[in-house]
Each structure stands twice: as C-alpha cells, then as structure tokens.
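The values are calculated or read from the model by the stated rules, or taken from the named source; none is laboratory data. It should be emphasised that the depicted structure is a prediction, and the values quoted were computed from it without experimental measurement. Quick reminder, even Gly has a Cβ in these numbers, built from the backbone with ideal geometry, and neighbours come from all protein chains shown. We work out accessible area using only protein heavy atoms, side chains counted, and drop any ligands, DNA or RNA first. Shrake-Rupley method; radii C 1.70, N 1.55, O 1.52, S 1.80 Å.
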Number of protein chains: 4
Amino acid sequence: MRKLLLSNDDGVHAPGLRALHDALSAYGRLRVVAPDRDKSGASNSLTLTRPLALTALDNGFYSVDGTPADCVYLGVNGVWDEKPDLVISGINHGGNLGDDVLYSGTVAAAMEGRNLGMAAIAVSLCGERYFETAGRVAATLVGAAESLSLPPRSLLNVNVPDVPWEDIQGVRVTRMGYRGPAAQPLRVQDPRGRERYWIAAVGDNADDGADTDFAAIEAGYVSITPLQTDLTRHTALDDVRNWLDALSNS
Amino acid sequence: MRKLLLSNDDGVHAPGLRALHDALSAYGRLRVVAPDRDKSGASNSLTLTRPLALTALDNGFYSVDGTPADCVYLGVNGVWDEKPDLVISGINHGGNLGDDVLYSGTVAAAMEGRNLGMAAIAVSLCGERYFETAGRVAATLVGAAESLSLPPRSLLNVNVPDVPWEDIQGVRVTRMGYRGPAAQPLRVQDPRGRERYWIAAVGDNADDGADTDFAAIEAGYVSITPLQTDLTRHTALDDVRNWLDALSNS
Amino acid sequence: MRKLLLSNDDGVHAPGLRALHDALSAYGRLRVVAPDRDKSGASNSLTLTRPLALTALDNGFYSVDGTPADCVYLGVNGVWDEKPDLVISGINHGGNLGDDVLYSGTVAAAMEGRNLGMAAIAVSLCGERYFETAGRVAATLVGAAESLSLPPRSLLNVNVPDVPWEDIQGVRVTRMGYRGPAAQPLRVQDPRGRERYWIAAVGDNADDGADTDFAAIEAGYVSITPLQTDLTRHTALDDVRNWLDALSNS
Amino acid sequence: MRKLLLSNDDGVHAPGLRALHDALSAYGRLRVVAPDRDKSGASNSLTLTRPLALTALDNGFYSVDGTPADCVYLGVNGVWDEKPDLVISGINHGGNLGDDVLYSGTVAAAMEGRNLGMAAIAVSLCGERYFETAGRVAATLVGAAESLSLPPRSLLNVNVPDVPWEDIQGVRVTRMGYRGPAAQPLRVQDPRGRERYWIAAVGDNADDGADTDFAAIEAGYVSITPLQTDLTRHTALDDVRNWLDALSNS
C-alpha cells in the first residue's frame, strides 16, 4: 500500500487538512505532519536557528512548531522508518495562483517533498467552502499518480474553484500567471500609540492570459500547473554573457 | 543619483551587510532595511500574521522584526516617498549555490525587489572571510547595472569565491546546479530530556556539471546566474495534458 | 451556574488541561482558553508587540497564539459577554514548588485572573501520571471555593503528589520554599557548528523546611500555598530609608 | 573593581540601556547582555523550548534572542569566567509602578540576578526624555550599594520622574501601589479581514495612597521600593487552614 505524507500551511487544525485526510484515506497509508500554527506565506522557509518539536495529537496527526517545509523534512527524515511515496499538501484555504506560488507554504511543502525525491502535489481551494470538491480532485489525481511521469524536480500545483463538484467545468493544464505588485501596507497603531505595518493583500492580476491558472479558475475549471525547481533563466544566459563581455572590454 | 535598497538574511548587524554598504556607498543613495535577527533559510516567506515594526538604528540602518522579503517590501512600500531603483541583497555569509537558491533569504530579498518592479542582485560570499572581494564584485555589477537589460521578472544571483581579489580567476555565467537530499536531522535532548530535531546541513552536490554555479566557484570564478520567477515547467505541459486525457478516457 | 475559566501553560492540547476540564465539568459552565504551544516558563509575560488570534478548536476549547496570561486576559475581556467567576489553571505537568512560582505560566494564569478581579487557583501535578488525582483535588477546592474568603489580591497555588488518590496523605497549608541557583546552561552545537545555550533544569532545594511546599509534597501531602501579588518587602522599608539617610548625610 | 551586569527589556539597541551604560562606566567593569528585540511585558519568562544564541555586537554589548531573564541567566552562567557582583536593569522606557512590577521584564532581569545570588536594582524612567536624570540616580545607588544590606531575596525597584535632575524633589521609599484591571483589548482587522486582539494599555490606578510608588512619582520624587521574591501570603495561612478544616468536617 502506498504511503502518503500530508501537510499544509494553514496549520494542523485547519479544516482543509482534515478534508484532504478524509478524501485520501482510501488511497494509501496516511501520515499527517503539519505546522502547529497558521504558516500561510511561509514559502520554502526552513527553521535553522532552533531544533523542532514533533508532537503527536489525539487525532493521530503530528504537529511541528515550524514551517511547512520543516514538516515535510521531518515527515520524511529520520522519525519514521519508511519514506513516503507521495507528498500531498493542502487543501489550502484560498487559491495559490500566479506568483502566490513563490510565497505559498502549501506549494513549498510539496516542493520540499519533491526535493527529497518524492512525487508531490499541492492542492488549493479558491475559497473556503467546498473542500469536498477539492478533496475529490485530490483523490482522483492521487489515484492516477503512478501513471504520470514528470521530468525530475517537477511537481503539480492544483487549484480548484470553490463550487460544488457538479459545477466544475473540467480541467485545464496551465502556466503560472502573474500578479502586479502588492498593495501598500496597512498601517496600524498599537495600543501604546506606535505605528506598525501589516503586509497587505496580494496585488491585482497583471498577466491572466487564457493559458494561465487565473483564467482557468475564472472560467470554473480545475487548474493544474506543472512546476519546476530550476530557477535558471536559461534564455538570458547569453544576454548576461554579452553584458559582461562589454563590461570587460570597456 | 540612483537609490539603492540593501538588505540581507543574516541580520542587520551582520558584517556582510556592512561590507556591502561600504562597497556601494559611492554608487548611489543607500537605504538599508534588514531583519533584526539571523533569517538564513527564510526563503520568500512574508510575515502575514502580525504587523511589523521598523526601527531606525544608530548607524542609520533600519531593522525589521521580520523576514528578508518583509524588509524589501517595507523598504519599497509606503515608508519612504521615493522607490529605490535597484535592490541589492547580501553579502551573504556563505554561498547560495544550486537549490540553496530556493531556501535563501538573500535571494528572496532580491526576488522581492524584482516582484515589486526593481532590478535586483543577490550577492553571496562562499565563506566568511573576504567580504571585500565580494564588495568589489557587487560594486562593479551595480556600476554597470543600467546597461544590462534582462527579461521581465529576472534577477541575478551572484556567488563569489572566498579569496583575495587578485586570486579571482574571472567571471562565469552559469545555471543552477542541484544538491542531493539534505542529511538526517540532528537529534538533541533538551535539558528536560525531551528529544528535538534540528534540520541538518544541506546535501552533497548532485549536479555540479561544468556550466553550473558549483563548478564556477570550485574553479575560483565568480558565478553569475540569471534567475526567473516563473516556475512553470513549460516542457511538461503536454505530458500532463496527455496524462489527463488518458485518465478521462479510462 | 458558576462560570469557570480554565487555562494552562503546557498548551491547549496537553492531557493535564483535558483532565482538569473533565474533573470540573459538573462544577460550572466551563470556558477553556489556552496557549497554542507549550509555554512553560512564561511567567506573567503578556504579548504586547503584536495582536493575538483566538481560534475555536473542534473540541470547544479556544487556542491563543500567546502566553497563559494573554489567554486569561482574552478569556475575561471583551470576547464573551459574561466574565468568569473563577479562574483555574492547570493541571500543570510537573510541580510548581518554591520559586518555580516566579517563572510558572500556570501560576501566572491564575494570577492574571486574580488581577482581573476573579478568584483563582493554580493546580500542578508533581509528575505526569495521576492527573485524575489532581483533578479530584481541583474539583474539591472549586466545589468549596465560595466559602473561602481570601484577602484581596490573593490566590491559591496547589501542588499534588503524583500518586493514586488513595495514597494521598492529606492536605497541608504551606509557605513557598526556595531553590538554589539554576544549573549551568546546556551547551549544544547546531548542525552548522555554532554554539548555543539551553537554559538548564531548576536548581536543587535550598529551603525546604517542614512548613514549605517542598516538604508537603515530599511527605505525600497536597500542598496549598496562599500567594499574594504585593511584592513589597515591607520589613525592609526602614532599612532602605536608613541607608538613604546615611547617603545624603555623607 | 566591581563587575556590573547590565540588562533591560526594551532591547539591546534601546537608548535607555546606552544611557545606563554611560552613567555607570566609572563604577565598575560593565558587561551588557540584553534582548535583541523589545521584550517589554516579558516578566520573569525564561526560554525553555529552544537554545539561545549569544552574539557580540560592534559596540561591545551582547545580544540574546530571548527574554530579560534569559539574558541575566546567560550573563551570569557559564559564558564568562567571573560572576558579576551586581545586576542593574534598565533604564526602562516608562515607569514600572504598582503591579506593572509583575509584568515588567526590567524588574524580572533584576529579580533573576537576585535569584542567582547577586544584589540587584531595576531602574525605570517614567517617560522617555530625561534618561540622564535616571542615569545619575542609578550611579548614586550603585556607588553606595555596598553599604546597603537587604534581607536575602530582596531587590530594589527604582522609578525616576521624567524631569531634569534639578527638578527632582527628593527620594521616597515606597510600597507598590495597585492598578485596576486592564482595559479591553484593541480589536484590529488584519489586511485579510480577520479580527485580532491587541492587549490594551494598563489600567488606572486603584491604590495610589501617599506611601506608594505612584504617589512619589506624582509628587516629583524618585521612588525606591524594596521587593521580595517570596510570594507567600503569610497572613492568610490560618484562614486557608480553617477553611480546609471546615471542609473536612462537613
């Protein structure tokens, strides 16, 4: 039986994680390791400055006082004898579209699984209502995962419209869109009168062309984006070389 | 005069940040906004669960109780009237090679600058000794930055060998290499006898071919890798489409 | 029906809190507000630098991303219409004897209740086994609390031997004993080779005379110590006055 | 030459700490160990869940990623060969009057020194302007400290009016007054629309009789309150015994 490692970034008590667990319980042996607190926005961050505590909860889930990537690292390394076959992260409360992907702890948990050598899927619900819809999508993909062969260091980023299952229009394979710059910070005064700055909500869509994740969700489709962990801008290697040559000749 | 925003992930008191400041002081008006604590490994994480404090220090640097990406966001948005022209992050204590890039707060600070619309350069010293060498590299690149035209959403990741300036062999434009999976966590017992897990050092090189950042540093060259923030694995879009078609036909 | 506010410092998922809840469920309407993480050693600390999140869990308990004193403050102020009549904190995993009291988050939670105008009891089990024994002690005291009239700004610190109920030798009203200085810190090397310092276990008993909490527990008795929140050393007021007079005459 | 350990709770970069350092530099060999961040309200809390980093700053001060009590513990234990003779904490930005004392990290730093066997003085300025006045008060007391013999486990809590030195009316030895309950929390909405609760400013004075610290400051006097670390309400021991007797006879 396959061994599935589940994590998320909304925290070990989030309804989305519970929904993912329930949707996948027939698809393998589940191990759930998730942050003890809301870690939305944690990206790939790893906790390097202190050791981590791994705590078993009453419901069989494990809680870690760290980030989503910490959770996957500990869920894979050293604490259990067997490594998982597949890492599934989610169901995120809210979509991870466009460059949300760069900040998302949900995507990071999947990416960490991928870096540790496992297949990996991140699942997000573009809202907080129909977790069951996202659960069915996750179950379908996990059920078929063995027949998908991706290039090394790839993972799937899945976003699901927040609608009942029967209202899903289909599935689209998409590229990442882009958002514009984030809004100005929210300024708040603390009770002692000092000004503080709260990072604002994400920016508006700047690139939501027809082949993007934004457009798929907007049209009511499940969006599946294959992601890579190679950040090299290969097409710019020559530009940089030419620039350096000009520099050294000047 | 150009406006340069400097940040890092080793914290506002790190010698590498001071060295970067000193190396660039002739190249523009400098604004330094950096984390109050060591935030190595912070990746692109943003602090969303609480507001941030921005504190002016005696030396004119600004300290933020948050992550490198928080610092750049606050350094660009709302607190000052003018936006910076260029974001430079570093000098990191230690290299950011291969998939270190995914976890690095130094690279994330530059990436945040890029996401907010600025040109951005991350500079790391592959050691903790010859910050002056890395400072000279940074100054050279910043001095010539206006003549480099990169595609949108690109940035430069620069790694510098930890040797005296005269021992630098040259500059190579490289692609990201890859490390293998990280080692097992360090198990420590706290003073009350409870087991805790400390995330281990990075894994060994798994891909350090001749055109990688690893190989450049190994050979004594400065490594410059153009990075992108589009994580789409474009070459896998069709594979995923075919897989889904087979799924829906079965 | 009385309204009881329960908290602790071991965190909202600690078995000791659950045991306290179960033991007291017949004695009033219970509201449980406790830290989301282990906050042993938190003392009276309040979180002033950021706002707090209050999260309802599946089991009806409330979790706060803060300290025990934060929890009691939020459990009393503003979120519910009615104030509690009594604050009970615990059951702590481990005793709070002698000057442990100064550092204990369990005692602090009770003290915060007392500062906000409620009667307050802190309950600790000197071990981690017989929570049921401590639960019965708590229930007995809570059942009789209305007939106890303490001076203003007082609370009860209760410690219970970690033995079956039938092995309890009785109850003693005690004074705080004292421990000697804490041991040296545990030095640990992080996985990157840097030295870190972990605060050691508490010191040995320095004053455990027959009328102290230490002696009661040692002899198998429940220890009840009335505490105050006036820290003035009244007997030293004249000594300090004389010292100042000598100073100003010299 | 005496060895003085200085700490505070406003953080290692606070002007009040610098002012204390400058005022005391002629009175002994100074060692400064203070939190890397603002830790106001930290009370006696100790960091037990993770090891601490101790970092030397450029100005010779040491920074700890922990609480004031952590700082004093590390400043006394194990890192240096010699123990300090006297611990002075401050100059706090703002007064520590009445039951502020229970929450104050400044007082806690002094108390930790006392618990570790040293004489200890906490100094607070009731404002943020005339640190020099408080520095002169601190220097006077430190200069005379050897001739003061306090009972064991006592310390001095000193509050200074925020006025020029020549406007100080004199010195009064006082008892702790009391504040009323704290105000309701400040409710803030985060940028994502979720409600959060920020602990409010302290309550109004409830007991500021002529012999209290409140009254001394109000009248323009320096207030010196001897504090103890024995929290036993000795005068209530019999009341509790009688209550328990009645309980067991009923």
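Below, the figures for the structure above:
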{"read-out": "Rounded to 5, percent antiparallel among DSSP beta bridges of chain D", "value": "35"}
{"read-out": "In sequence order, calculated HN-Hα J values of region B:122-129 (Karplus, 6.51, -1.76, 1.60; Hz; x Gly/Pro)", "value": "9, 10, 10, 9, 7, x, 9, 10"}
{"read-out": "Calculated label separations, residue B:165, copies of the chain, 7 Å along the beta-carbon direction, nm", "value": "4.9, 6.8, 8.1"}
{"read-out": "Inter-copy separations for residue B:184, label at 7 Å along Cα-Cβ, nm, ascending", "value": "2.9, 5.4, 5.6"}
{"read-out": "Vicinal HN-Hα couplings computed from phi for region D:215-226 (Karplus, 6.51 cos²θ - 1.76 cosθ + 1.60; Hz; Gly/Pro x)", "value": "5, 4, 5, 4, 8, x, 9, 5, 10, 10, 10, x"}
{"read-out": "Gyration tensor (alpha-carbon) shape descriptor, region B:129-238, a/c threshold 1.5", "value": "oblate"}
{"read-out": "Antiparallel bridge percentage (DSSP; both residues within the protein assembly as shown; nearest 5)", "value": "40"}
{"read-out": "For the pair B and A, total buried accessible area rounded to nearest 100 Å², probe 1.4 Å", "value": "7400"}
{"read-out": "Shielding by partners - mean other protein chain Cβ count within 10 Å, residues of D:135-146", "value": "1"}
{"read-out": "DSSP-defined antiparallel bridges as percent of all bridges, region D:1-120, nearest 5", "value": "20"}
{"read-out": "Assigned charges on the beta-carbon of Lys, Arg, Asp, Glu; chain A dipole about Cα centre (debye)", "value": "540"}
{"read-out": "Whole-angstrom gap from region D:108-147 to region B:121-183, using each part's C-alpha centre", "value": "49"}
{"read-out": "Amide H contacts under 5 Å for residue B:200, placed H, 5+ residues apart", "value": "B:186"}
{"read-out": "The protein assembly as shown: C-alpha gyration tensor shape, a/c 1.5 cut-off, then a/b vs b/c", "value": "oblate"}
{"read-out": "Computed over region B:30-93, Kirkwood Rh from alpha-carbon pairs, angstrom", "value": "12.3"}
{"read-out": "Residue D:148 accessible area, assembled protein chains, probe 1.4 Å, Å²", "value": "30"}
{"read-out": "Relative contact order (%) - criterion: Cα under 8 Å, at least six apart; region: region D:137-250", "value": "34"}
{"read-out": "Semi-axes of the equivalent ellipsoid for region B:157-221, Cα gyration tensor, largest first, Å", "value": "35, 15, 7"}
{"read-out": "For chain A, diffusion coefficient by Stokes-Einstein and Kirkwood Rh (Cα), 37 °C, 0.692 mPa s, µm²/s", "value": "172"}
{"read-out": "Net dipole in debye of region A:96-235 [+1 Lys, Arg Cβ; -1 Asp, Glu Cβ; about Cα centre; nearest 20]", "value": "500"}
{"read-out": "Exposure of residue D:240 as accessible area (Å², to 10), given a probe of 1.4 Å and all protein chains", "value": "0"}
{"read-out": "Separation in nanometres of the label points that stand 7 Å from Cα toward Cβ, at residue D:219 and residue A:1", "value": "7.8"}
{"read-out": "Average beta carbon contacts from partner chains per residue of C:175-183, 10 Å cutoff", "value": "5"}
{"read-out": "Sulfur and carbon atoms: percent of accessible area, region D:1-130 [1.4 Å]", "value": "44"}
{"read-out": "Probe 1.4 Å, accessible area per residue of region B:1-152, Å²", "value": "31"}
{"read-out": "Among D:248, D:212, D:176 - extreme Cα towards positive end, dipole of region D:166-250, charges at beta-carbon", "value": "D:248"}
{"read-out": "Inter-copy separations for residue B:206, label at 7 Å along Cα-Cβ, nm, ascending", "value": "3.2, 5.5, 6.1"}
{"read-out": "Theoretical ellipticity at 222 nm over chain B - DSSP helices of four or more residues, -39500 (n - 2.57) apiece, nearest 500", "value": "-7500 deg cm²/dmol"}
{"read-out": "Sequence-distant residues sharing a close amide H with residue C:162 (under 5 Å, placed H)", "value": "C:126"}
{"read-out": "Residue mean of other protein chain beta carbons inside 10 Å, C:205-213", "value": "1"}
{"read-out": "Rg over Rh, two decimals, region A:182-250 (C-alpha only, Kirkwood Rh)", "value": "1.24"}
{"read-out": "Cα shape, region A:58-161, gyration tensor, a/c 1.5 rule", "value": "rounded"}
{"read-out": "Table column - 3J(HN,Hα) (Hz), region A:83-90, Karplus curve with 6.51, -1.76, 1.60, x for Gly and Pro", "value": "7, x, 8, 8, 10, 10, 10, x"}
{"read-out": "Rel. contact order, % - alpha carbon contacts under 8 angstrom, at least six apart, region A:1-125", "value": "32"}
{"read-out": "Mean Cα-pair separation over length for chain D, i.e. relative contact order, pairs under 8 Å, 6 or more apart, %", "value": "17"}
{"read-out": "Whichever lysines have a C-alpha closer than 25 Å to that of residue A:3, once near sequence neighbours (fewer than 8 apart) are set aside", "value": "A:39, A:83"}
{"read-out": "About the Cα centre, charge dipole magnitude for the protein assembly as shown (Lys/Arg +1, Asp/Glu -1 at Cβ), debye", "value": "0"}
{"read-out": "Rotational relation A to C, axis-closest Cβ in chain A, residue and distance rounded to whole Å", "value": "A:36, 3"}
{"read-out": "Solvent-accessible ranking of D:195, D:132, B:112, largest area first, probe 1.4 Å", "value": "D:132, D:195, B:112"}
